[in-house]
Amino acid sequence: MAFTLTVNGETHSIDADEDTPLLYVLRDELKLHGAKYGCGVGQCGACTVLRDGAPLRSCFVPAASLGGQAITTLEGLRGPGGALHPLQRAFLDEQAGQCAYCIPGMILAAEALLRVKPDPTEAEIRTALDANLCRCGSHNRIVRAIQRAAKERQG
């Protein structure tokens with residue numbers, strides 16, 4: 001089945017089975033490897049992308065169902081002039097990623113939060129990230145990175 005997807009601001013023509021999960025289209029067809037396969041059932045957050053600015057678990061959502069919606073992957077986040085996005089820079093500065101497998105999903109979940117809540121409390125950050133698992137235990141550094149990025153965005 002042929003369908004189109006808008007990913008990171010670019011429209012792509014995709015020829016895949018209508019039930020193919022978005023994660024597989026992103027990784028296999030579009031060669032975007034930020035989103036990771038974790039659990040396959042949308043419970044760990046490693047595959048998180050943004051759909052029209054809201055977090056979406058890409059591992060089980062059929063890509064063909066997302067036509068007309070804007071999908072943003074980690075690769076689509078950019079700072080001014082193509083530099084690192086403020087969240088990416090903050091995660092590096094705070095050394096928030098130990099193994100870094102969860103980090104793309106964490107960054108995108110954080111971006112969704114900061115779009116609707118530019119100055120979140122620590123509790124709001126933890127709630128927004130509650131469904132994103134980090135097996136390394138980097139949660140405190142991840143929260144600090146998000147707080148740092150929020151402050152930077154406020155100028």
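What strands (runs of 3 or more DSSP E) lie completely within the range 43-155 and have 1 or more residues being outside the structural domain of Asp17 (by TED's automatic domain parsing) and touching a strand residue (DSSP E or B) at 6+ places or on another chain (Cβ under 8 Å)?
So the answer is none; nothing clears 1.
Just the residues that are in contact (Cβ under 8 Å) with a residue 24 or more places away in the chain and of a type in the set (A, V, I, L, M, F, W, C), please, taken from the range 130-147.
Ala131, Leu133, Cys134, Cys136, Ile142, Ala145, Ile146 - these are the residues of the range 130-147 that are in contact (Cβ under 8 Å) with a residue 24 or more places away in the chain and of a type in the set (A, V, I, L, M, F, W, C).
Look through the range 78-104, keep the residues that are at pLDDT below 95 and of a type in the set (Gly, Ala, Ser), and return whichever of them is farthest from His139 (Cα to Cα).
That would be Gly81.
Return the residues of the range 27-43 that are under 20 Å from Gly76 (Cβ atoms) and out of contact with any Gly (no Cβ under 8 Å at 6 or more places or on another chain); say none if nothing qualifies.
Arg27, Asp28, Glu29, Leu30, Lys31, Leu32, His33, Gly34, Tyr37
Is it the case that some residue within the range 16-34 is of a type in the set (Lys, Arg) and within 12 Å of the chain's Cα centre (by Cα)? Let's see the steps before the verdict.
From the range 16-34, those of a type in the set (Lys, Arg) are 27, 31; that's our starting set.
Restricting the remaining residues to those that are within 12 Å of the chain's Cα centre (by Cα) gives none.
Within the range 16-34 (the criterion being of a type in the set (Lys, Arg) and within 12 Å of the chain's Cα centre (by Cα)), the answer is no, since none of the residues qualifies.
Might you let me know whether the range 131-153 holds any residue that is among the aliphatic types (A, V, I, L, M), at pLDDT below 95 and loosely packed, with under 13 Cβ neighbours inside 10 Å?
No, because not a single residue in the range 131-153 is among the aliphatic types (A, V, I, L, M), at pLDDT below 95 and loosely packed, with under 13 Cβ neighbours inside 10 Å.
Sort through Arg78, Arg89, Arg51 and tell me the only one that's of a type in the set (D, E, K, R), surrounded by fewer than 22 Cβ atoms within 10 Å (Cβ to Cβ), in contact (Cβ under 8 Å) with a residue 60 or more places away in the chain and farther than 23 Å from Arg135 by Cβ.
Arg89
Given (1) outside any loop (DSSP other than H, G, I, E, B); (2) touching a residue at least 40 places away in the same chain (Cβ under 8 Å), where does Arg27 come up short, assuming only one miss?
All conditions are met except number (2).
Among the residues of the range 55-70, which ones are in contact with a helix residue (DSSP H, G or I) (Cβ under 6 Å, 6 or more places away or on another chain) and either of a type in the set (Phe, Trp, Tyr) or under 20 Å from Ala128 (Cα atoms) (or both)?
Pro55, Ser58, Cys59
If you check Ala70 against the conditions, is it in contact with an Asp or Glu (Cβ under 7 Å, 6 or more places away or on another chain), under 30 Å from Met1 (Cβ atoms), modelled with pLDDT of 95 or more and not polar (S, T, N, Q)? Show your work before the answer.
Details: in contact with an Asp or Glu (Cβ under 7 Å, 6 or more places away or on another chain): yes; under 30 Å from Met1 (Cβ atoms): yes; modelled with pLDDT of 95 or more: yes; not polar (S, T, N, Q): yes.
Yes.
The values are calculated or read from the model by the stated rules, or taken from the named source; none is laboratory data. From a predicted model like this one, the values you see are computed outputs, not experimental measurements. For neighbour counting, all protein chains shown are included, and Cβ atoms are generated from backbone atoms with ideal geometry for every residue, glycine included.
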